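Structure first, then comments.
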Amino acid sequence: MREAAVLMTLFESSPGDWHMIFIKRSNGHARDKHAGQIGFPGGKREPADPDLLYTALREAGEEVSLDLTQVDVLGKLTPLYITVSKFMVHPFLAYSAVIPSLKRQEEEVEEIFEWPLRLLTDPGARTETRIRLHSGIVLNHVPAFQVGEQVIWGATAMILNELLEIVADPGR
């Protein structure tokens, strides 16, 4: 098992209009089992990383040029094991005091999304979909979030679902 960490960053686009940062992973790496998928900025823990929070922050800085001096880490969500890539992913939630000015790392990130949280909390966003993996395997009835033409599924959808449950019931 390998360790990885992701950073879920919230910011207010205008008062009360909360947004979250997502990325679409590049298709450029043939061995990347998550190529082309929507996720949070993040990646594997490097030997020099003192802890997993450092990994999440470092990766967000590298992948989307997030200004880490403007970010406050709010906490950690439940780690999640991803069978296909053998990663234990540790999600961290953060808040940016300013609207971030983001720039993608072209080698790893195809696109950056700054989606309003209201799109993700809309009951119509939760759906099931059919996913065709790079290996040719087809998965049916996959729980997912639909945002426009983009589909959030797999580990990212499970992590996002936990966050939305916490937001819906803060006393949890």
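Answer yes or no: is there a residue in segment 43-50 that is of a type outside the set (Val, Ile, Thr), in a loop (DSSP other than H, G, I, E, B) and closer than 23 Å to Val98 by Cβ. Walk me through how you get there before you give the answer.
Here is the first cut: in segment 43-50, the ones of a type outside the set (Val, Ile, Thr) are 43-50.
Keeping just the survivors that are in a loop (DSSP other than H, G, I, E, B) gives 45-50.
Now restrict to residues that are closer than 23 Å to Val98 by Cβ: none.
Looking for residues that are of a type outside the set (Val, Ile, Thr), in a loop (DSSP other than H, G, I, E, B) and closer than 23 Å to Val98 by Cβ, one finds none in segment 43-50, hence no.
Collect the residues in segment 115-167 that are touching a strand residue (DSSP E or B) at 6+ places or on another chain (Cβ under 6 Å) and loosely packed, with under 11 Cβ neighbours inside 10 Å, keeping them in residue-number order.
Matches in segment 115-167: Arg132, Val138, Asn140, His141.
Taking Leu57 as the residue in question, decide whether it is out of contact with any Ser or Thr (no Cβ under 7 Å at 6 or more places or on another chain) and not in a strand (DSSP E or B).
On the way: out of contact with any Ser or Thr (no Cβ under 7 Å at 6 or more places or on another chain): yes; not in a strand (DSSP E or B): yes.
Yes, satisfied.
Is it true that Arg58 is at pLDDT below 95 and of a type outside the set (A, V, I, L, M)?
Working: at pLDDT below 95: no; of a type outside the set (A, V, I, L, M): yes.
No; evaluated as a whole, the condition is false for this residue.
Against the conditions (1) in contact (Cβ under 8 Å) with a residue 60 or more places away in the chain; (2) within 24 Å of Asn161 (Cα to Cα); (3) more than 17 Å from the chain's Cα centre (by Cα), where does Glu107 fall short? Just the number, please.
(2)
Residue by residue, here is whether (1) modelled with pLDDT of 85 or more; (2) within 18 Å of Phe92 (Cα to Cα); (3) not in a loop (DSSP other than H, G, I, E, B) holds:
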{"site": "Glu128", "(1), (2), (3)": "no, no, yes"}
{"site": "His134", "(1), (2), (3)": "no, no, no"}
{"site": "Gln146", "(1), (2), (3)": "yes, no, yes"}
{"site": "Ala155", "(1), (2), (3)": "yes, yes, yes"}
{"site": "Glu162", "(1), (2), (3)": "yes, yes, yes"}
{"site": "Val167", "(1), (2), (3)": "no, yes, yes"}
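Since His19 meets every condition but one in (1) closer than 29 Å to Ile137 by Cα; (2) surrounded by 20 or more Cβ atoms within 10 Å (Cβ to Cβ); (3) modelled with pLDDT of 95 or more, which condition does it not meet?
Of the numbered conditions (1) closer than 29 Å to Ile137 by Cα; (2) surrounded by 20 or more Cβ atoms within 10 Å (Cβ to Cβ); (3) modelled with pLDDT of 95 or more, the odd one out for His19 is (1).
In segment 80-114, which residues are among the β-branched types (Val, Ile, Thr) and either in contact with a strand residue (DSSP E or B) (Cβ under 8 Å, 6 or more places away or on another chain) or within 26 Å of Gly16 (Cα to Cα) (or both)?
Residues of segment 80-114 that are among the β-branched types (Val, Ile, Thr), as a first pass: 82-84, 89, 98-99, 109, 112.
Within segment 80-114, Ile82, Val89, Val98, Ile99, Val109, Ile112 qualify.
Identify, please: which residue in segment 72-101 is in a strand (DSSP E or B) and among the β-branched types (Val, Ile, Thr) and is, among those, farthest from Thr9 (Cα to Cα)? Break it down stepwise before answering.
Step one: list which residues in segment 72-101 are in a strand (DSSP E or B), which gives 72-76, 80-82, 87-96.
Filter once more, keeping what is among the β-branched types (Val, Ile, Thr): 73, 82, 89.
Working: Val73: 9, Ile82: 21, Val89: 16 Å.
Among residues in segment 72-101 that are in a strand (DSSP E or B) and among the β-branched types (Val, Ile, Thr), the one farthest from Thr9 (Cα to Cα) is Ile82.
Give the residue that is farthest from Asn27 (Cα to Cα), with candidates limited to residues of segment 86-102 that are surrounded by fewer than 18 Cβ atoms within 10 Å (Cβ to Cβ) and under 16 Å from the mean Cα position of the chain (by Cα). I'd like the intermediate steps shown before the answer.
Step one: filter segment 86-102 for residues surrounded by fewer than 18 Cβ atoms within 10 Å (Cβ to Cβ), giving 86, 88, 95, 97-99, 101.
Filter once more, so that each one left must be under 16 Å from the mean Cα position of the chain (by Cα): 88, 95.
Details: Met88: 22, Tyr95: 29 Å.
Top of the filtered list is Tyr95.
The values are calculated or read from the model by the stated rules, or taken from the named source; none is laboratory data. Bear in mind that the values here come from a model prediction, so they are computed numbers and not experimental data. Glycine also receives a Cβ, built like all others from the backbone with ideal geometry; neighbour counts cover every protein chain displayed.
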